[in-house]
Structures are given as structure tokens and as C-alpha cells.
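**Q** What follows is a structure written as C-alpha cells; I'll ask about it next.
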Amino acid sequence: MICNGENAAGGSGLTPKIVEEIFSAGVDVITSGDHIWRKKEIFDVIDKFSCLLRPANFKDFLPGRGFCIKENKNKKLAVINALGRVFINTPSLCPFIKVRDIINSISKEVRCIIVDFHAEATSEKVAMGYFLAGKVSCVVGTHTHIPTADERIINNYTGYITDVGMTGGFDSVLGRKKEKVIEHYITDLPQRFEVSSSDLRLQAVFIEIDEDTGRCINIERVEKVLG
């Protein structure tokens with residue numbers, strides 16, 4: 001189970017307590033994105049957990065790691081986290097080159113590879129999907145909070161979806177209480193965007209991979225109403 005948790009701490013960032021809670025809930029890998037450094041406490045644990053990822057295309061000397069390899073019953077799965085650069089102000093290296101280099105370094109060890117591409121522009125995500133077609137098992141887009149209806153298997157090998165959506169209040173504007181967001185758009189005045197807890201839903205994708213070849217067999221959107 002892979003979870004992008006970069007907004008878990010009140011809508012932005014992660015804290016050590018929340019990291020522990022997510023892992024204890026059964027999540028195997030936590031990915032992130034441009035908000036990973038929003039809570040300074042994350043620096044205390046990001047090197048402690050091998051499966052707590054920050055974007056791989058951050059500068060190498062920064063804390064944390066951009067990919068991990070999980071092993072269960074002699075079967076290995078690699079998870080790579082990358083950050084897009086179009087419409088995102090967080091400094092980062094080219095995600096295409098960085099992900100390619102990681103794949104080249106681990107391809108002899110592991111065939112099943114999932115990439116969380118945390119990016120704003122749909123065009124950049126689609127381009128990454130085609131760029132990695134045949135090289136990874138699945139490319140899952142995150143960041144924009146709205147699930148897309150374009151799940152597919154590219155070249156009969158690589159699963160793909162532009163955005164998996166979010167887990168949070170569906171009666172909201174991207175997880176924030178809608179009233180304050182609307183007021184901001186009307187007045188242009190700064191507002192405190194509070195996290196919505198109304199109509200909670202979990203949005204995800206279910207992915208099946210052939211363990212011997214690394215080929216994606218099925219990718220399916222999932223939505224569960226939580227309350």
C-alpha cells in the first residue's frame with residue numbers, strides 16, 4: 001500500500017506523529033511532493049524511515065531519499081517519487097532524467113516499479129507516462145487532488161493515470177472549506193484555508209502487476225465514502 005502523505009498534517013506537510021500513524025495503519029510506503037518540508041519536524045524522521053520518500057529529483061545533499069525497494073516473500077517492488085517542474089515553484093532537477101537514472105541503477109535487481117509523479121501540469125504527467133512506457137510497471141500522478149478518468153495500460157505494459165485524487169473532505173475546494181476559498185477569489189484578500197471534514201472520501205487506484213515480468217495487468221480507480 002502506497003500513500004502520498006504530503007498534505008496529511010492539517011492540509012500541508014507531515015509530522016513524525018502522523019508518519020507513525022500512517023505506517024501503523026498498514027501503509028508500506030509514504031510518498032510526498034513539494035510540501036514535504038512545510039513542517040520542520042519532518043527533518044527529525046525523514047532519514048529514519050527508509051520508505052518515507054521525498055522527490056528523487058531534489059538536490060542529492062538534501063535529507064531523505066527518493067526511492068525505496070520493498071521485499072516480501074522474495075518478491076521486490078520499487079517505488080520512485082518524483083516532482084514535476086511545470087507550474088511548480090519548488091526548485092528541482094529534471095524529473096525525466098533523474099527517474100531514468102534510478103531505473104537504470106535498479107532494473108537488474110527489481111522488475112516491478114511504481115512511480116509517483118507529483119506534478120501540476122497534465123501534459124507533463126502524460127509525457128512522463130509515455131517516457132517510462134515499457135520501463136516501469138505504473139506511473140501514478142498526484143498533486144491536483146482531482147481524480148482523472150484516463151487510467152490505461154500504455155504499450156500493454158505500463159499502467160498510467162494522470163491523477164489519483166485525494167483522501168479528504170469531498171464537500172470542499174481541493175480539501176479546503178469552500179466558503180473561505182470562494183471569499184478569497186471574490187475579494188482577493190488573504191484567507192485561512194481550513195481543512196474540510198465534510199463528506200470524507202478515499203480516492204485511490206488498485207494496481208495488479210505480473211510479478212515475473214513487471215507488466216501492469218490492471219489499473220482501476222477506487223473511491224470509498226468514509227462518512
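**Q** Could you work out how far helix 95-106 tilts from the main Cα principal axis of the chain, as a 0 to 90 degree angle to the nearest 10?
**A** Approximately 40 degrees, to the nearest ten.
**Q** If you don't mind, another one. Where nothing but the Cβ of Lys and Arg (+1) and of Asp and Glu (-1) is charged, how large is the charge dipole of the chain around its Cα centre, in debye to the nearest 20?
**A** The dipole of the chain has a size of about 440 debye.
**Q** Let me know the shape class of segment 139-189, please: from the alpha-carbon gyration tensor, a ≥ b ≥ c as square roots of the eigenvalues, rounded when a/c is under 1.5, otherwise prolate if a/b is greater than b/c, or oblate.
**A** Prolate, because a/c is 1.5 or more and a/b exceeds b/c.
**Q** Something else: Report, to the nearest 10°, how far helix 122-131 tilts away from the longest principal axis of the Cα atoms in the chain, using its own Cα long axis and a range of 0 to 90°.
**A** For 122-131 against the chain, the angle is about 10 degrees.
**Q** OK, next. With a sphere of radius 11 Å drawn around the Cβ of THR158, what net charge do the other residues whose Cβ falls strictly inside it have (Lys, Arg +1; Asp, Glu -1)?
**A** Around THR158, the surrounding residues sum to +3.
**Q** For the chain, with a Gaussian network of springs between Cα atoms less than 10 Å apart, report the residue from THR142, THR122, THR213 with the top mean-square fluctuation.
**A** Looking only at THR142, THR122, THR213, the largest GNM fluctuation is found for THR213.
**Q** Still on this model: At each listed q (0.10, 0.14, 0.15 Å⁻¹), what is the log10 of I(q)/I(0) that the Debye formula gives for the chain modelled as equal alpha-carbon point scatterers?
**A** -0.44, -0.88, -1.01
**Q** For segment 28-118, which GluC sites (Glu not before Pro) pass both filters: DSSP loop (anything but H, G, I, E, B) and at most 16 other C-beta atoms within 10 Å?
**A** GLU109
**Q** Then there's this: When DSSP beta bridges are limited to those with both residues in segment 38-162, what percentage is antiparallel, rounded to the nearest 5?
**A** 35
**Q** Using alpha carbons only, how many degrees (0 to 90, rounded to 10) separate the axis of helix 178-187 from the longest principal axis of the chain?
**A** Approximately 70 degrees, to the nearest 10.
**Q** Taking the beta-carbon count within 10 Å as an exposure proxy, list HIS118, HIS184 from fewest neighbours to most. Display every interim value, and only then the final one.
**A** Numbers: HIS118 28, HIS184 16.
Lowest count first: HIS184, HIS118.
**Q** Tell me the trypsin sites (Lys or Arg not before Pro) within segment 143-227 that lie in a loop according to DSSP and have at most 14 other beta-carbon atoms within 10 Å.
**A** Numbers: sites: ARG152, ARG176, LYS177, LYS178, LYS180, ARG192, ARG201, ARG215, ARG221, LYS224; in loops: LYS177, ARG192, ARG215.
Passing sites in segment 143-227 are ARG192.
**Q** For the chain, what relative contact order do you get, as a whole percent, if you take Cα pairs closer than 8 Å and at least 6 residues apart?
**A** Working: 510 pairs, mean separation 29.2, N = 227.
Relative contact order comes out at 13 percent.
**Q** As a test of the formula, what do you get for the chain when each DSSP H run with n ≥ 4 contributes -39,500 (n - 2.57) and the sum is divided by the residue count, at 222 nm and rounded to the nearest 500 deg cm²/dmol?
**A** Numbers: 4 runs with 41 residues, N = 227.
Helices in the chain give a 222 nm mean residue ellipticity of -5500 deg cm²/dmol.
Every number here is computed from the coordinates shown, using simple stated rules; none is lab data. Predicted, not measured: the structure shown is a model, and the values here were computed from it. Don't worry about glycine lacking a Cβ; one is built from the backbone with ideal geometry, like all the others, and counts go over all protein chains shown.
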